[in-house]
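K.L.:
Have a look at the structure that comes next, please.
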Amino acid sequence: PHFIIQVPEKDDAICFNIDEDPGTVLRLIQDPVTGLTVNGQIIGDKAGSPDSKARKTYFGKLGIANTHVSSRIEVTPEKITLWNGDTPSTFSWLDTVTLTQDGLSVKINKKKNMVISFGDGVTFVVILHEVWKKQPAHHDFLGFYVVEGHRMSAQTHGLLGQFFHPFDYEVFDIHPGSDPTKPDATMLVKNHRLTVTRGSQKDYRKDASIGRKVSCWFVHNNGQGLIDGDHRDYIVPALF
Amino acid sequence: SLPEGVVNGIEVYSTKVSCKVTSRFAHNVVTTRAVNRADTAKEVSFDVELPKTAFITNFTLTIDGVTYPGNVKEKEVAKKQYEKAVSQGKTAGLVKASGRKLEKFTVSVNVAAGSKVTFELTYEELLKRHKGKYEMYLKVKPKQLIKHFEVITCCCSPANPAGWESRVQSHTLELGGAALIEISIFLPQGRVSFKPSLDQQRSCPNCTDSLLDGDFTITYDVNRESPGNVQVINGYFVHFFAPQGLPVVPKNVVFVIDISGSMQGRKMQQTKDALLRILQDVKEDDYLNFILFSSDVTTWKESLVQATPQNIQLAKEFVKNIKVEGATNINDALLRGIEMLKKAREEHLIPERSTSIVIMLTDGDANTGESRPEKIQENVKKAIDGEFPLYNLGFGKYLNYNFLDSMALENNGFARRIYEDSDADLQLQGFYEEVARPLMTGVEVEYPHNDIQDLTQNTYQHFYDGSEIVVAGQLVDKDMSHFKADVKGHGALNDLTFTEDVDLEEMEKARKEQDYIFGNYIERLWAYLTIEQLLDKRKNSHGEEKENLTAQALELSLKYHFVTPLTSMVVTKPEDNDDQTAIADKPGDDPSASSVVPVMAYQVSYQPPQVTYVDGD
């Protein structure tokens, strides 16, 4: 999956990939104060290429939980299941439905996206990416966006969560790279000096098929140096 | 040396039952053709058993190639014609209740030697979803061998990209109670044809009587990708709603059980058996209590108790020890139950997100305490005040079912007959299962006020798992391109709003691309539903309101050619300088009334006066 970190202070963005085997579950957000956790499980192409460099991976399942109120949301491209304690409610991506309960609001927009809000100040959007059913290579997959997170605590961590706190970086020494359209540069971040490449990713919040181009500095090697620790530190045994 | 299938000079050479279901709306045509092979005029009778919930929409007689169509008239007008015919000694027939689900349409006609007659009866029905299934039911019982006997059913569905239903899951054909064939059929169009040959119909190799005596049942459910489905044709729309995957809302149930002397014996035993089985199915987060009534009212517990394993065990012991005694005090028992539920809510003894239900079972009329039905109704309505539904179960024949029906309807529930039979306990349990799984409460189906008119009922206290909410209406502007429908309600854990965006242009385009014959079934479905609901409302109205409801239902019945309790169908055959008149109408639920209301008369000028045979229930 591609990760994009927008940095409004610099009017710029940083991006990186995490390449892991299909089935791996990654911790995206964990906030011990609000009790919110978001994990994502990786899926691969239909063909299942053994070459990890050639393989494309996506999020095929997301698990969003609020441990403080025992509620969980499991999202796959097929269905959406909300758990309150042990009691499940199941919805399809063919539903347009809004549900509200204490401290949680979920809106599923038929075949497009779902908006999950935990009170005021925490809103996530899950995008459904549907591929042509007979497409030989790819599965339907999910996108996950944090559109509001100011109520998350300073202790929030995870592959995305660690970037909720202000952080600084510097990019300099922009020079031609191996691809003439994509210059390389040096980035100073979290006391690391990294070689980054100018590239672009897409924001699919408005349109899941076309998307809006977002220019970003790409950090190689699974975000090494940008993320705290190693990407394998974020692997967790289960979705919840 | 009579030809095959000739009985008493009459050969019924063809009977065809043709059923077409388009989005739950069934259109059925029963056609029988007969010829009189005798040397003299003979009587030919035509019996059809049709569902009680169906409306006859047409009946025609064709004699020697001349067709006499049926006209729907206001009952009083038809009655005068009928009375005139009967006073002149004409043949009379009846439509009356027959068994649990059916009513019987019967007509006889005298046919001259060598003449042919064709009977064609058309009826329509909105199939309702119970326990996750729609059921189309036909009674197959020809009186003699029929050369061409055929039942054809066709389930047509407007398959479209928006996810309308697209599959009939199973067909079940049961004949003679023995043969059971299940056929899975994939739509867009499912078709079942049952066409036994003469030899297959014979009860034995040389017999002339028919083996066919059974139920032809088609059960199916629709392939429901999304909880809602709106279909629009010619400015009329129907909205089906049945969400799945929602958790069950905990319920608080008060069982109000008649233990008067008349329940003695089998009825009480069956009631106990049913209650014991129901208790096995009660979920732990439900609350319950029993209120027993005879001359007095007693309760199992002072207030509602949670259905914990221990309490269920105690409840079972209580049920096993119920004894019959005394008279029937419905009023006090119901008021006690209602008060108990209200108090439990006020005192927060039950979960906030839970729903309350009163289920009353009685086998007789109130005869002690407040025994005036209208006063009981008034008291109960006032006490419940719209807060929860009341379901009435009328056990056996000796009760005022109309009173139970009316009282339940005005308190957002319904009444159900429990037939005194070996399976009465299963009937009771079956009813409970229907209401045992509420998935949503306080359901409101909302449309934009300025765009929609003549809406059928759009608020429901409960949505039960396995049922379906059906709302129909008209678009104010037939050329509008888009409207939105919201279904709001409370679930077990959260408040829910399901939204349907109806793109009429896209729907019209899809419709044109599909090779389906839509006709005006949505308009007729709307009319059917509207009449049905007007008739229900009419049961509990008085004075001017009742007159208005009657006038509206009558107008629609006449306009759409439905034989309802307000109309009759008249078939007139001008012949021999005298009119021959046949009248068909619909009996009410009161069996005693239906047995004395003749509804079909057919003048026979060249036969001695006689009354056709009518089977009762």
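The values are calculated or read from the model by the stated rules, or taken from the named source; none is laboratory data. Fair warning: this is a prediction, and the values are worked out from it, not measured in the lab. FYI the Cβ positions are ideal-geometry reconstructions off the backbone, even for glycines, and counts take in every protein chain you see.
K.L.:
With the requirement that a residue be hydrophobic (A, V, I, L, M, F, W, C) and within 14 Å of chain A (Cβ to nearest Cβ), what does region B:226-239 give you?
P.N.:
Initially, region B:226-239 is screened for residues hydrophobic (A, V, I, L, M, F, W, C), giving B:230, B:232-233, B:237-238.
B:230, the sole residue that qualifies.
K.L.:
Find the residue count for region A:216-230, including only residues that are surrounded by fewer than 23 Cβ atoms within 10 Å (Cβ to Cβ) and assigned to a loop (DSSP other than H, G, I, E, B).
P.N.:
Going through region A:216-230 one residue at a time, the tally reaches 4.
K.L.:
For the subset of region B:489-511 comprising residues that are surrounded by fewer than 17 Cβ atoms within 10 Å (Cβ to Cβ) and facing chain A (nearest Cβ under 9 Å), which member is modelled with the lowest pLDDT?
P.N.:
Across region B:489-511, the extreme among qualifying residues is B:501.
K.L.:
Right, next: Can you confirm whether region B:384-399 contains a residue that is under 21 Å from residue B:324 (Cα atoms), in a loop (DSSP other than H, G, I, E, B) and touching a strand residue (DSSP E or B) at 6+ places or on another chain (Cβ under 6 Å)?
P.N.:
Scanning region B:384-399 turns up no residue that is under 21 Å from residue B:324 (Cα atoms), in a loop (DSSP other than H, G, I, E, B) and touching a strand residue (DSSP E or B) at 6+ places or on another chain (Cβ under 6 Å).
K.L.:
Sticking with this one: Test residue B:312 against the stated conditions and say whether it is within 30 Å of the chain's Cα centre (by Cα) and more than 14 Å from chain A (Cβ to nearest Cβ).
P.N.:
No, not satisfied.
K.L.:
Report every pair of residues separated by at least 6 positions or lying on different chains whose Cβ atoms are under 6 Å apart, first residue within region B:68-84 and under 20 Å from residue B:122 (Cβ atoms), second basic (Lys, Arg).
P.N.:
Partner pairs satisfying both residue conditions: B:68/B:573.
K.L.:
Also: Could you say whether any residue in region A:112-125 is more than 14 Å from every other protein chain (Cβ to nearest Cβ), within 30 Å of residue B:502 (Cα to Cα) and hydrophobic (A, V, I, L, M, F, W, C)?
P.N.:
Yes: one or more hits.
K.L.:
Would you check if residue A:111 is more than 18 Å from the chain's Cα centre (by Cα) and on the phi < 0 side of the Ramachandran plot?
P.N.:
Criteria not met by residue A:111.
K.L.:
Go through region A:82-111 and count every residue that is more than 7 Å from chain B (Cβ to nearest Cβ) and crowded, with 16+ Cβ neighbours inside 10 Å.
P.N.:
Looking only at that region, the number is 10.
K.L.:
Quick check on residue B:480: is it buried (at least 18 other Cβ atoms within 10 Å of the Cβ) and farther than 30 Å from residue B:350 by Cα?
P.N.:
Here the answer is no, as residue B:480 does not meet what is asked.
K.L.:
Follow-up. Would you mind stating whether residue B:454 is in contact with a strand residue (DSSP E or B) (Cβ under 9 Å, 6 or more places away or on another chain), among the acidic types (Asp, Glu) and within 14 Å of chain A (Cβ to nearest Cβ)?
P.N.:
no
K.L.:
Considering only region B:1-13, state which residues are outside any strand (DSSP E or B) and either acidic (Asp, Glu) or under 30 Å from the mean Cα position of the chain (by Cα) (or both).
P.N.:
B:4
K.L.:
Go through region B:319-344 and give me each residue that's in a helix (DSSP H, G or I) and surrounded by fewer than 17 Cβ atoms within 10 Å (Cβ to Cβ).
P.N.:
B:320, B:339, B:342, B:343
K.L.:
Additional query: Which of the numbered conditions does residue B:173 fail, given that it passes all the others? Conditions: (1) at pLDDT below 80; (2) of a type in the set (A, V, I, L, M); (3) closer than 30 Å to residue B:451 by Cβ.
P.N.:
(3)
K.L.:
Here's another thing I want to ask about it. Among the residues of region A:62-86, write down those that are under 26 Å from residue B:500 (Cβ atoms) and of a type in the set (Ser, Thr, Tyr).
P.N.:
A:76, A:81 - these are the residues of region A:62-86 that are under 26 Å from residue B:500 (Cβ atoms) and of a type in the set (Ser, Thr, Tyr).
K.L.:
Is region A:139-146 home to any residue that is part of a strand (DSSP E or B), within 30 Å of residue B:495 (Cα to Cα), among the β-branched types (Val, Ile, Thr) and within 14 Å of another protein chain (Cβ to nearest Cβ)?
P.N.:
The answer is no, given that none of the residues of region A:139-146 is part of a strand (DSSP E or B), within 30 Å of residue B:495 (Cα to Cα), among the β-branched types (Val, Ile, Thr) and within 14 Å of another protein chain (Cβ to nearest Cβ).
K.L.:
Moving on to the next point. Please enumerate the residues belonging to region B:14-56 that are among the hydroxyl-bearing types (Ser, Thr, Tyr), at pLDDT 90 or above and part of a strand (DSSP E or B).
P.N.:
B:14, B:15, B:18, B:31, B:32
K.L.:
From the list A:123, A:100, A:96, pick out the single residue that is in contact with a strand residue (DSSP E or B) (Cβ under 8 Å, 6 or more places away or on another chain) and free of Cβ contacts under 8 Å to residues at least 12 places away in the same chain.
P.N.:
A:100
K.L.:
Under 8 Å between Cβ atoms, which residue pairs at least 6 apart in sequence (or on different chains) link something in region B:5-17 that is closer than 9 Å to residue B:33 by Cα with a partner that is among the aromatic types (Phe, Trp, Tyr) and assigned to a loop (DSSP other than H, G, I, E, B)?
P.N.:
none
Yes/no per residue for (1) surrounded by fewer than 15 Cβ atoms within 10 Å (Cβ to Cβ); (2) modelled with pLDDT of 80 or more; (3) among the hydrophobic types (A, V, I, L, M, F, W, C); (4) more than 30 Å from residue B:477 (Cβ to Cβ):
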position	(1), (2), (3), (4)
B:177	yes, no, no, yes
B:180	yes, no, yes, yes
B:186	yes, no, yes, yes
B:224	no, no, no, no
B:246	no, yes, yes, yes
B:251	no, yes, no, yes
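K.L.:
While we're on this one: For region A:112-134, which residues satisfy the criterion of being within 22 Å of residue A:201 (Cα to Cα) and in a loop (DSSP other than H, G, I, E, B)? Working first, answer last.
P.N.:
Residues of region A:112-134 that are within 22 Å of residue A:201 (Cα to Cα), as a first pass: A:112-115, A:123-132.
Those that are within 22 Å of residue A:201 (Cα to Cα) and in a loop (DSSP other than H, G, I, E, B): A:112, A:130, A:131, A:132.
K.L.:
For residue A:46, work out the one condition from (1) within 12 Å of chain B (Cβ to nearest Cβ); (2) over 24 Å from residue A:155 (Cα atoms) it doesn't fulfil.
P.N.:
Going through (1) within 12 Å of chain B (Cβ to nearest Cβ); (2) over 24 Å from residue A:155 (Cα atoms) one by one, residue A:46 breaks only (1).
K.L.:
In addition: Among the residues of region B:458-490, which ones are in contact (Cβ under 8 Å) with a residue 12 or more places away in the chain and not in a strand (DSSP E or B)? Can you show your working first?
P.N.:
Let us first name the residues in region B:458-490 that are in contact (Cβ under 8 Å) with a residue 12 or more places away in the chain, namely B:458-478, B:480-490.
Those that are in contact (Cβ under 8 Å) with a residue 12 or more places away in the chain and not in a strand (DSSP E or B): B:458, B:465, B:466, B:467, B:468, B:476, B:477, B:478, B:480, B:481.
K.L.:
Can you name the residue in region B:567-594 that is surrounded by fewer than 24 Cβ atoms within 10 Å (Cβ to Cβ) and in a loop (DSSP other than H, G, I, E, B) and is also modelled with the highest pLDDT among such residues?
P.N.:
Result: B:587.
K.L.:
Taking the criterion of being out of contact with any Gly (no Cβ under 9 Å at 6 or more places or on another chain), among the aliphatic types (A, V, I, L, M), within 14 Å of chain A (Cβ to nearest Cβ) and within 24 Å of residue B:249 (Cα to Cα), would at least one residue in region B:390-409 satisfy it?
P.N.:
Scanning region B:390-409, I find no residue that is out of contact with any Gly (no Cβ under 9 Å at 6 or more places or on another chain), among the aliphatic types (A, V, I, L, M), within 14 Å of chain A (Cβ to nearest Cβ) and within 24 Å of residue B:249 (Cα to Cα), so the answer is no.
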